[in-house]
Structure formats: structure tokens, C-alpha cells
Amino acid sequence: MGGPVHYTYANSSAAYRTRIALNFKGVAAEERYVHLLKDGGEQHGAAYAGVNPQEIVPTLVVGGQAIGQSLAIIEYLEEAYPEPPLLPRDPLARARVRQIALAIACDIHPLNNLRVRQYLAGTLGAGEATVAAWMRHWIELGFAAVERLLDGEGPFACGPAPTMADVVLVPQVFNARRAGVALDAWPRIARSDAAARSLAEFAAAAPDRQPDFGA
């Protein structure tokens, strides 16, 4: 039986999360690249749809079982490889980390992902400026809440060590910058992002460090 297989795409913020988590846990996975724009999106082809019926990335295949959804993958890695931890031991502290991660992964990111942008532009006829304004609105609204949830001392999202909250926050900040959102109004977000990206595990997962970046 071979090792884990990770289906990814450089600019996918969800796949960015799982790349960080795999690096953090020291798990070597075979990377398979799914181009979300080429030929109408390779994720919609029969080969990949057979791996992940949602036709989205990332997917982690372990022992022949495919795990979709980035947070499910991160939770699997946390349970299968508990050290170093991405969740604190205290139940309330764990809940707080998950709250921040879910606030981003469930309430900000889905409104800005590729499928939504394509529907706005292609089906509803929204222009480029309208789509950009849509993205900025939901990022800014979400960041206003996330800023208040983050730890006041830092340097990371929930204190002195990186957690799953940082794993989800950093890719969302990457998306915000691509959308032209400045971080001036959210110093805790900016601080946490900088602290996390200074770590090798986060830096190596960045989109511009991936073999398929710009392809």
C-alpha cells in the first residue's frame, strides 16, 4: 500500500490549508495537481470526479480512502499524527480555535471561491468590478469579526503557538490580498499572518512555492 496522495492546486486556499497541515505534521504525500481552470477545470473530469464527487480540491487519499474538505483532512491529520498539535488540549481552547477556523472556512471562503465567482460572472452576468466588490464585501465583513476573535497578545491567532486557526487564516489573507483588501483595519490578523508565514511549514506551502503555480 502506497503513502498518502494529496490532490491540490497552487492557488486554491483550501488546498493551501492542507499543504500547511501536511508540512506541519511532517507527512510526506504524493502531490497530484488538479488545474481548476484548464480545459474548463480538470476537477470536473471523470477521473477526478471519481475521487471527489464534489469536484473540488483538496482531496487526501489514505489507504485507498479519499477524504475531501480541507478541515476534515486537517482533523484527520491531527488525530493520526497528534504531534506537534494543531489543537490545544483544553476543550474550551479547542472550541475557540475551531470557531475561528470555521468562521473563515464556512462563512468567508465559500462566498468567494471559484465556483461562486464563475456563477456570478457567467450565469448572472456580473462584471469584473462587481465580482471584485462582492469578494471584498464578504472578506471585510468576515475579517471584522475574526479580528475580535483573535488573541490580543499573539503572536499567533490563539496565542504563543500556531493552531488550526492559523492554518485557515493564512490562506484567507492570501485571498484577501489578491482581492485588493488591505489589512490596516485588522492588526491582529496582520500580526498572526506574518508570524505564521515566518515558519518554514507555512512558507513552503505558499502558492508561489508550488510546482503548478502560474501554470
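Laboratory data are not the source of any read-out in this text; all were calculated from the coordinates shown. Bear in mind the structure is a predicted one, so any value in this text is a computation, not a measurement. Backbone-built Cβ (ideal geometry, glycine too); neighbour counts: all protein chains shown.
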- request: Quick one: plug the Kirkwood hydrodynamic radius of segment 91-202 (C-alpha pairs) into Stokes-Einstein at 37 °C, 0.692 mPa s, and report D in µm²/s.
  value: 227
message: Using +1 at the C-beta of Lys and Arg and -1 at the C-beta of Asp and Glu, which of 163, 91, 135 has the Cα lying farthest in the positive direction of the dipole of the chain?
response: 135
query: Of all the Cα-Cα pairs you can form in the chain, what percent are over 28 Å apart?
result: 26
query: Mind listing the phi-derived Karplus ³J(HN,Hα) values for segment 23-39, rounded to whole Hz, using 6.51, -1.76 and 1.60 with θ = phi - 60°, and x for any glycine or proline?
result: 4, 4, 7, x, 9, 7, 10, 6, 8, 10, 9, 10, 7, 7, 10, 5, 6
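Could you compute the net charge surrounding residue 72? Neighbours are other residues with a C-beta less than 13 Å from the C-beta of residue 72; K and R count +1, D and E count -1.
On the way: positive: 17, 98; negative: 75, 78, 79.
The answer is -1.
For segment 127-192, rounded, prolate or oblate, judged on the Cα gyration tensor with a ≥ b ≥ c (square roots of eigenvalues), a/c < 1.5 rounded, else prolate if a/b > b/c? Don't skip to the end; give the middle numbers.
Details: a/c = 2.75, a/b = 2.21, b/c = 1.24.
The shape class here is prolate.
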- prompt: Among 51-59, 5-13, what's the highest-first ranking by average C-beta atoms within 10 angstrom per residue?
  reply: 5-13, 51-59
task: Using packing as a proxy for protection, rank 161-170, 73-82, 123-132 so that the peptide with the highest average count of other Cβ atoms within 10 Å comes first.
output: 161-170, 73-82, 123-132
field: Antiparallel %, DSSP beta bridges [both residues in the chain], to 5
entry: 65
- prompt: Normalised by the residues of the chain, what does the relative contact order come to in percent, with Cα pairs under 8 Å and at least six apart?
  reply: 24
Among 142, 45, 68, residue whose mean-square fluctuation peaks in a GNM of the chain (springs only between Cα atoms under 10 Å): 45
- line: Normalised Cα Rg of segment 1-109, dividing by 2.2 N^0.38 Å with N its residue count, works out at 1.10
query: Amide H to amide H under 5 Å from residue 159: which residues, 5+ apart in sequence or cross-chain, H placed 1.01 Å off N in plane?
result: 151, 154
